[in-house]
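Notes follow the structure.
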Amino acid sequence: MGGWINSSKTLYYNIPYAKPLEGPAPMSLHHATAPPAPAARRPEMAAFHPWAGDQTAALDALLSRRSVSVRLLSDPAPSAAALEIMVRTALRAPDHGTLRPWRFICVQGPARAALGDVFASARALLEPTASADDLDRERRKPLRAPLVIGLGAVVTASHPSVRAIDQQLAAGAAAMNLLNAAHILGFGGMWLTGASCHDPNVKQAVGLAATDFLAGWLYVGTPVAAPAPVDRLHPSMAMTRWGAVA
């Protein structure tokens, strides 16, 4: 597998990835004033902050990420090497109590149709009056992208100090890392939930226990077009300061 390359002040992983989308430039930090990176202030931190003194590329990647509708996702899916990097990134998520609850269920190729059958069977059991069209829609759901990733967490409900919700939040944090990595590698992703995430029959079919947590399904593929622009909140609309400010 490849290694980290820093070329023209752009940090990326040396593995095959999709062609970047054409379209308007993402939000940039080029005009923002930022302090030097920790590695620039303290050289011994270079291994922990591999982007050294160049924060722009790393932050631009995060600031430009957005969900890509499943209607815009197509082949190719991430390669095996790219998927490994995505999962490695997910495993960097915060983990209360070092419980490592994550289970990423990766579904590709013909297995997507099998997952659709699981969705349809679960819907029929839950809702016996569901129409044939309803069940057919369930079957087609996993076919909307070349890669579907189930976001599971094995929950230790009896843990003395780490609550179940904390373990579930670890799964959510890992999902965000997966989406960020997919975006950096040139792919698009959409995080979808629904009744299947809470259905014990679906959980059992994909290898989880009824008591485990299924945070949703990530649909990942190559965007066929740039997604529509999204209005973002200004930080002041989502942030407050509490207490005295120096």
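The values are calculated or read from the model by the stated rules, or taken from the named source; none is laboratory data. Source: prediction; values computed, not measured. Glycine gets a Cβ as well: all are built from the backbone with ideal geometry, and neighbour counts include every protein chain shown.
A few notes on this one:
- Taking first residues from region 219-236 that are buried (at least 16 other Cβ atoms within 10 Å of the Cβ) and partners that are β-branched (Val, Ile, Thr), the Cβ contacts under 6 Å between residues at least 6 apart in sequence or on separate chains come to Tyr219/Val70; Tyr219/Val148; Pro223/Val68; Pro227/Val68.
- Put simply, of Leu178, Leu208, Leu135, Leu143 the only residue that is aliphatic (A, V, I, L, M), touching a strand residue (DSSP E or B) at 6+ places or on another chain (Cβ under 7 Å) and either assigned to a helix (DSSP H, G or I) or closer than 27 Å to Leu62 by Cα (or both) is Leu178.
- Taken over region 57-82, the residue count meeting the criterion of being in a loop (DSSP other than H, G, I, E, B), of a type in the set (A, V, I, L, M, F, W, C) and within 18 Å of Gly150 (Cβ to Cβ) is 1.
- Among (1) more than 24 Å from Gln167 (Cβ to Cβ); (2) surrounded by 17 or more Cβ atoms within 10 Å (Cβ to Cβ) - the single one Arg103 does not satisfy: (1)
- Counted residues, region 181-205 - those being more than 18 Å from Ala114 (Cα to Cα) and part of a helix (DSSP H, G or I): 5
- In region 188-210, the condition of being surrounded by fewer than 19 Cβ atoms within 10 Å (Cβ to Cβ), β-branched (Val, Ile, Thr) and farther than 15 Å from Ile149 by Cβ is met by no residue.
- Exactly one residue out of Pro128, Pro160, Pro142, Pro110 is buried (at least 16 other Cβ atoms within 10 Å of the Cβ) and either under 21 Å from Arg66 (Cα atoms) or not aliphatic (A, V, I, L, M) (or both), and it is Pro142.
- Tally of residues being in a loop (DSSP other than H, G, I, E, B) and in contact with a Pro (Cβ under 8 Å, 6 or more places away or on another chain) across region 83-97: 1
- Meets criteria (closer than 17 Å to Lys203 by Cα, in the same structural domain as Met176 (by TED's automatic domain parsing) and outside any helix (DSSP H, G or I)) for Ala157: yes
- Subset of region 167-194 [of a type outside the set (A, V, I, L, M), closer than 10 Å to Ala215 by Cα and touching a residue at least 24 places away in the same chain (Cβ under 8 Å)]: Gln168, Gly172, Trp191, Thr193
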